[in-house]
Amino acid sequence: MKGKSFYFLMAFATVVALLATTAVTFAAGSRVRVVHASPDAPAVDVLVNGSPAFTNLAFKAVADYAALDAGSYSVAVVPTGATEPQVISATLSLDPDKDYTVVAVGKLADIEPLVLVDNNAAPAAGKAHVRFVHASPDAPAVDIAVKGGPVIFSNVAFKGVGDYTPVDAGSYDLEVRLAGTDTVALDLPGIALADGTVYTVFAMGLAGGEPALTAVLSEDAKPAAASAAASSGGAAPAALPTTGGETNILLVMLATGAALLVIGGAQRLATQKR
């Protein structure tokens with residue numbers, strides 16, 4: 001009977017551990033960030049399920065990624081410190097193990113969310129990855145090119161997104177041209193792209209007004225070693241409101257308790273055999 005009890009505890013621990021692992025897999029998280037690219041909108045707060053998640057984001061701000069469980073969330077954008085008016089109100093659906101960027105685009109009267117799925121996979125050695133997002137509401141379609149050289153992203157219109165493109169790490173003088181022409185709308189000198197890093201270039205502002213057309217370079221992902229060095233001794237990663245998770249904790253606790261029972265049972269059997 002004692003032997004049977006031992007094997008029962010072993011089986012119980014295995015089943016509970018598998019359940020815990022399965023639960024963690026189903027609750028795999030995502031990361032999300034917000035970019036303020038509306039040229040005439042005030043600083044804003046972003047509410048997720050009614051709670052502040054990102055606060056006081058001014059024009060051109062790119063928030064850090066924050067952790068969020070996969071699922072559907074109510075997202076509202078409001079003036080900083082207020083709950084109304086909701087200039088953006090939308091439902092955001094997040095898949096597990098993905099990164100997202102939500103860009104507030106358009107003038108305030110027509111502001112809307114542009115939801116991007118990010119690819120922060122590590123570039124090959126010696127390379128950086130860069131993509132381009134056209135977030136200027138009155139600028140025509142554009143090309144992004146090396147100054148006096150080849151086009152990297154072609155014919156990208158408002159709310160358009162250029163594919164992630166691998167480039168040699170280094171410093172580049174880039175320019176924004178009217179699509180299909182050599183007419184330069186914006187110079188981008190000295191754009192430094194580091195080895196193993198992922199970037200997004202956002203074109204923001206107005207081509208025919210204020211704030212003027214500008215480019216915002218976002219460093220989306222660094223090499224693991226650089227990220228670890230940057231985070232050591234710093235603040236804890238941001239976290240948005242979560243859903244679920246309690247079940248996972250309970251199952252892990254059960255698995256731990258079952259494992260302790262197994263260890264205790266094994267120790268008792270070993271003592272009895274002596």
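The values are calculated or read from the model by the stated rules, or taken from the named source; none is laboratory data. This structure is a prediction, so every number in the text was calculated from the model and none was measured. Here the Cβ is made from the backbone with ideal geometry for all residues, glycine too, and neighbour counts use every protein chain on show.
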Considering residues that are assigned to a loop (DSSP other than H, G, I, E, B) and of a type in the set (D, E), the number found within the stretch 152-208 is 3
For the stretch 88-128, the count of residues that are under 30 Å from A169 (Cα atoms) and not β-branched (V, I, T) equals 18
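To keep it simple, each residue is scored yes or no on (1) within 30 Å of T165 (Cβ to Cβ); (2) assigned to a strand (DSSP E or B); (3) touching a Ser or Thr at 6+ places or on another chain (Cβ under 9 Å).
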position: P52; (1), (2), (3): no, yes, no
position: K60; (1), (2), (3): yes, no, yes
position: V75; (1), (2), (3): yes, yes, yes
position: T91; (1), (2), (3): no, yes, yes
position: A104; (1), (2), (3): yes, yes, yes
position: P113; (1), (2), (3): yes, yes, no
position: H129; (1), (2), (3): yes, yes, yes
position: V133; (1), (2), (3): yes, yes, yes
Note on A145: of the conditions (1) over 17 Å from T200 (Cβ atoms); (2) aliphatic (A, V, I, L, M); (3) in contact with a Pro (Cβ under 9 Å, 6 or more places away or on another chain); (4) assigned to a strand (DSSP E or B), unmet is (3)
*Regarding P137, is this residue more than 27 Å from D168 (Cα to Cα), of a type outside the set (S, T, N, Q) and not in a strand (DSSP E or B)?*
yes
Any chance T80 is β-branched (V, I, T), modelled with pLDDT of 95 or more and over 30 Å from A121 (Cβ atoms): yes
Of (1) surrounded by 15 or more Cβ atoms within 10 Å (Cβ to Cβ); (2) more than 21 Å from H36 (Cβ to Cβ), P137 fails just (2)
